[in-house]
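Inspection log for the structure reproduced underneath, given as structure tokens.
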Amino acid sequence: MCLSSARRERRCDRCGSSRLDPFRYCVVCGNRTVPTCFRSELALSRVGGVTDVGRHKRHNQDAIAIGTGPASAIAIVCDGISQSTFGELAALHASETGVEQLLFGLASGKSNDAASNLAAASAATAAARIGRGITTTPPGCTYASIVVDHETITVSSIGDSRVYWISGDHAECLTVDDTKAGYLAASGVPFDDDRYRDPDTNALLRWLGADAPPVDAPTTVHRPDREGFVVVCSDGLSGYTDRPRDLLPMPSGPPVAQASALVGRALRQGGRDNVSVAVAPFPQPTRRAS
């Protein structure tokens, strides 16, 4: 089972026609209907997600897709690049394709990391395909995925959407931002180093889209020895977290309520960007005997 934050209604906001082209322009009146919701809450029993337009953006360019297998929870968060054309299309196509391929790969008997690699490659192809025909700044997005089961947390990422591991009063980031700043921080360079003053220090070096360089999504497998939660988010939330500990305390409740509470924190701090969060508890229950 899987859910997506895409708008279910595929009709023109102006005239009501269902005749929309691939970029969501109405062929009757010429109006463009954005395919993302201002806010969407996705709830499954073992994973939940929330995306919100924020307080200062006209459209939501983030997308979330979640799913569950017999013994795992899956979530993907993609953040459409605002400088690209129709970045939300890349985010939607990448997130939906990624979850579908993850579920397919796992059902086919692939390991979590092999399925994650397949999903990331398929998401990249989907994001690139929607940009064909756009010669200037085609749709682009970031990508972060998790597969959580009863033993492991498998993480893939491209760009600066992040995955966090939270257990009690412990919080850590499991991904590295694909920016100069991200690579410097991962190398242990102190934040007062002059290299951080480069005006391009936060520019994305890797992303998904028709103009993206060929990339492989780094996939890591983590084996926690205690219970906790996995949080996947766009920079609408992580932009307010100077340190992983800033996410503490972890909200209580079912996963969708936890995601909603974290989105609410970002909105209270200004909501300057679209914000999307998915949460899955660890460990997931083992598969029931048939």
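The values are calculated or read from the model by the stated rules, or taken from the named source; none is laboratory data. These numbers were taken from a predicted model, which means no experiment stands behind them. Every residue, glycine as well, gets a Cβ built from its backbone with ideal geometry; the counts of neighbours run over all protein chains shown. Ligands, DNA and RNA are excluded from the accessible area calculation, which covers all protein heavy atoms including side chains. Shrake-Rupley method; radii C 1.70, N 1.55, O 1.52, S 1.80 Å.
One equal scatterer on each Cα of segment 121-266, no solvent, Debye formula: the resulting log10 I(q)/I(0) at q = 0.09 Å⁻¹ is -0.32. Within the chain, the selection of entire DSSP H helices by a Cα span of 15 Å or greater along the long axis and an average Kyte-Doolittle value of at least 1.0 returns an empty list. The phi torsions of segment 21-30, fed into the Karplus equation with coefficients 6.51, -1.76 and 1.60 and a -60° offset, translate into couplings of 7, x, 9, 6, 7, 6, 6, 8, 10, x Hz, rounded to whole numbers, with Gly and Pro shown as x. Within the assembled protein chains, the solvent-accessible surface assigned to Met1 is about 140 Å², based on a 1.4 Å probe.
Ordered from highest to lowest accessible area with the whole protein assembly present and a 1.4 Å probe, Glu88, Glu96 read as Glu96, Glu88.
I'm checking a number: the convex hull volume of the Cα atoms of segment 12-65, normalised per residue, in Å³. What is it? Don't skip to the answer; put the middle values down first.
Working: hull volume 5.4 nm³, N = 54.
Taking the convex hull of the Cα positions in segment 12-65, it is 100 Å³ per residue.
Please compute the contact order of segment 101-190 in relative form: average sequence separation of alpha-carbon pairs under 8 Å and at least six residues apart, divided by the residue count, as a percent. Kindly include the intermediate steps, with their values, before the conclusion.
Working: 104 pairs, mean separation 15.2, N = 90.
For segment 101-190, the relative contact order is 17 percent.
Net charge near Gly271: determine it from the other residues with C-beta under 14 Å of the C-beta of Gly271, scoring Lys and Arg +1 and Asp and Glu -1. Neighbour charge sum, excluding Gly271 itself: +3. For the chain, what is one quarter of the convex hull surface built on the Cα atoms, given in nm²? Computing the convex hull of the Cα atoms and averaging its projections yields 15.9 nm².
In what order, largest first, do Ile74, Ile81 sit by accessible area if the probe radius is 1.4 Å?
Numbers: Ile74 0, Ile81 30 Å².
Greatest to least solvent exposure: Ile81, Ile74.
What is the percent carbon and sulfur in the accessible area of segment 29-83, measuring with a 1.4 Å probe over the protein chains and ignoring ligands? About 48 percent, which is the carbon plus sulfur part of the accessible surface. For segment 141-221, the mean projected area of the C-alpha convex hull, equal to one quarter of the hull surface, is 6.8 nm².
Sorted from greatest to least, the principal axis extents spanned by the alpha carbons of segment 1-148 come out as 47, 32, 29 Å.
Defining a contact as two alpha carbons under 8 Å apart and six or more residues distant in sequence, what relative contact order in percent does the chain show? Don't skip to the answer; put the middle values down first.
Details: 770 pairs, mean separation 64.2, N = 290.
Relative contact order of the chain: 22 percent.
Look at where the Cα atoms of segment 1-79 and of segment 130-194 average out, and the two centres are 22 Å apart. Rolling a 1.4 angstrom probe over the protein heavy atoms with all chains in place gives the chain an accessible area of 46 Å² per residue.
Go ahead and run the numbers for FRET between Thr137 and Asp194, Cβ-Cβ distance against an R0 of 35 Å, rounding to 0.05. Don't skip to the end; give the middle numbers.
On the way: r = 31 Å, r/R0 = 0.88.
For Thr137 and Asp194, the calculated efficiency is 0.70.
Build a GNM of the chain with springs between Cα atoms under 10 Å apart, and of Gly271, Gly109, Gly159 the one that fluctuates most is Gly109. Of the trypsin sites (Lys or Arg not before Pro) found in segment 120-181, the ones in coil according to DSSP and having at most 14 other Cβ atoms within 10 Å of their Cβ are Arg132.
Mind checking the full-extension length gain between Arg10 and Ala203? Use 0.36 nm per residue of separation minus the Cα-Cα distance, one decimal, nm. All intermediate terms of the calculation are to be shown ahead of the outcome.
Numbers: separation 193, 0.36 × 193 = 69.48 nm, distance 3.36 nm.
Contour length minus the Cα-Cα distance gives 66.1 nm.
Split the accessible area of segment 149-290 by element, probe 1.4 Å, and carbon with sulfur accounts for 49%.
Of the chymotrypsin sites (Phe, Trp or Tyr not before Pro) found in segment 1-104, those that fall in a DSSP loop while having at most 16 other beta-carbon atoms within 10 Å are Phe23, Phe38. Largest GNM mean-square fluctuation across Gly188, Gly264, Gly16, computed for the chain with C-alpha springs under 10 Å, falls on Gly188.
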